[in-house]
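Notes follow once the structure below has been shown.
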Amino acid sequence: MTTKKTQRKKELITSPKGMRDILGDKYFKFQGFFEKAQEISTYYGFKPIEMPILEKREVFTTTIGLGTDIVDKEMYTLRTKSGDRLALRPEGTAPSIRAYLEDGMISWPQPVMLYYYGPFFRHDSPQRGRYRQFYQFGLEIIGSEKSISDAMIIRTTTIILEEAGAKNLTVDINSIGDKECRPQYVRELISYYKKYINQVCPTCRQRIKENPLRVLDCKDPKCAEIKEGAPDAISYLCDGCKDHFKEVLEYLEEMKIPYRLNKNLVRGLSYYTRTVFEVFENEETTEGIFPLSIAAGGRYDYLAKLLHGKRDISAVGVSIGVDRVVESNWYAGLAPKILKKPKIYFVQLGFDAKLKSLNIIEMLRKAKVPVLQALSKDSLGTQLSIAEKTGIPYVIIFGQKEAIESSVIVRDMNTRSQETVKIDKLLEYLKKLK
Ligand SMILES: [Zn+2]
Ligand SMILES: [Zn+2]
């Protein structure tokens, strides 16, 4: 019975599968990335938006579409006590359009450029760099059908990733057409697959009925050869789509962004039109080069109409998988701005000194002097040995005598020399130290 009880207690202190605490250095790595990504996005004219973690379930089911893994298998849904059906957001694009429509951004100067970041949720099988609660940084340009918007989304993404330490990025890109030309292509794809219907895997058989483009997503080796011979979307593009795609590629060439045409890239979500892309970092290890997908996106001109039933609103966006960036071996370990390298270790001794310690530390904070301390410790030896380990260049010692005389001892940890300084002269004194 005791073991059962212990077992249950142990389960209580384990976070749900695929979800984890982020703390210490890891936390700062995330924060550093988000700060850098925000800074770059702001330079390019993107504006921040914070959206709810929960949305009405239909925001996703009507836009991402049935026959996709996200909606069919991976979405966390719940019914509230009052009967509303909500979903933990599995992605940020559909909510962005919901916000654009709800907040009247349609009457702002177009296009509206948004960035956002935070946790997203998908109930899939956790593996390296993949979690059920994961972190994305997203960019959307809403209200522009121009190819330069596609290029700008891709450009901003590669800059953010390069600044985060990526050295070997490639962009896989494809065009899946629009409502002019895609129906013809999908018909060709279906009739091609029908010839092999008894040879392809059950998933492909299912997909050809429900969401035909997704057969090209199949990773089953026995479908590989059939997939290879499948008609490609680019050959079926109408003139408008062809020109759009050609221009996007020209922009990429002009900006020297390495890309690869990938005719099997369809990004299974129903709302995509024309450009779809995926960004890979080609990680070099001793066993070879491993391309790791770290960002993906595309154009979604028909999403708005699926939500509000009115006219189409052209838009394009991307989401960056931040967990993968932060956990990669190439991540630059960006440090957040709030993290300052401490210059002073503050040591106190005796109750009278402890009493006044917080005032001195506050005086230093106001003067922007970063301080470390161990105020909960009493022994001088303990505090000094902590100071020694941290390698901080200066120690302030504040004892009983100093508390009475309103002074402190400043010790240079390198030279071991020390000086008594009046508290009202302390800031001035510290300024002179390098
Ligand atoms: Zn298959
Ligand atoms: Zn077209």
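The values are calculated or read from the model by the stated rules, or taken from the named source; none is laboratory data. Note that the structure is a prediction, hence the values are computed from the model and not measured. Every residue, glycine as well, gets a Cβ built from its backbone with ideal geometry; the counts of neighbours run over all protein chains shown. Heads up: the accessible areas ignore ligands, DNA and RNA and are worked out on the full protein's heavy atoms, side chains in. Shrake-Rupley method; radii C 1.70, N 1.55, O 1.52, S 1.80 Å.
Extension gain, Arg416-Lys337: 0.36 nm per intervening residue step, less the Cα-Cα distance, totals 25.3 nm.
Relative to the longest principal axis of the Cα atoms of the chain, the long axis of helix 147-163 makes an angle of roughly 40 degrees. Using a probe of 1.4 angstrom and keeping all protein chains present, the accessible surface of the chain works out to 53 square angstrom per residue.
Per-atom-type breakdown for the chain gives carbon and sulfur 54% of the accessible area (1.4 Å probe, protein chains only). In this rough spin-label picture, where each label sits 7 Å from Cα along the Cβ direction, the Ile409-His308 distance is 7.1 nm. Over the chain, the fraction of Cα-Cα pairs per 20 Å bin, rounded to whole percents and listed from the shortest bin up, is 21, 43, 24, 11, 1. Computed packing ranks the peptides 8-20, 285-297 as 285-297, 8-20, most packed first, by mean other Cβ atoms within 10 Å. Return one number: the angle in degrees, 0 to 90 and rounded to the nearest 10, between the long axis of the Cα atoms of helix 93-102 and the longest principal axis of the Cα atoms of the chain. Once rounded, one gets 90 degrees. Measuring against 22 Å, Cα to Cα, the residue pairs Lys29/Lys341; Lys47/Lys73; Lys36/Lys305; Lys17/Lys56; Lys36/Lys431 contain Lys47/Lys73; Lys36/Lys305; Lys17/Lys56; Lys36/Lys431 as the ones spanning a longer distance. Straight-distance candidates among the lysines for linking to Lys246, with alpha-carbon spacing under 19 Å and chain neighbours fewer than 8 residues away dropped: Lys146, Lys179, Lys256, Lys263. Were the residues from Gln400 through Glu50 laid out at 0.36 nm apart, the gain over their Cα-Cα distance would be 121.0 nm. Label positions at Thr42 and Glu58, each projected 7 Å from the Cα along the C-beta direction, are separated by 3.8 nm. Taking each residue as 0.36 nm, the span from Glu362 to Lys219 lengthens on full extension beyond its C-alpha to C-alpha distance by 45.6 nm. What residues from segment 261-288 fall in the zone where the backbone N is under 15 Å from a label point 7 Å along the Cα-to-C-beta line of Thr170? Under 15 Å, as judged by backbone N against the label point of Thr170, lie 261-265, 278-285, 288 of segment 261-288. Between helix 182-194 and the chain there is an angle of about 80 degrees, using the helix long axis and the longest principal axis of the Cα atoms.
When only the Cβ of Lys, Arg, Asp and Glu is charged (+1, +1, -1, -1), the dipole of the chain relative to its Cα centre reaches about 1600 debye.
Dividing the helix sum by the residues of the chain, where each DSSP H run of 4 or more adds -39500 (n - 2.57), gives a mean residue ellipticity at 222 nm of -11000 deg cm²/dmol.
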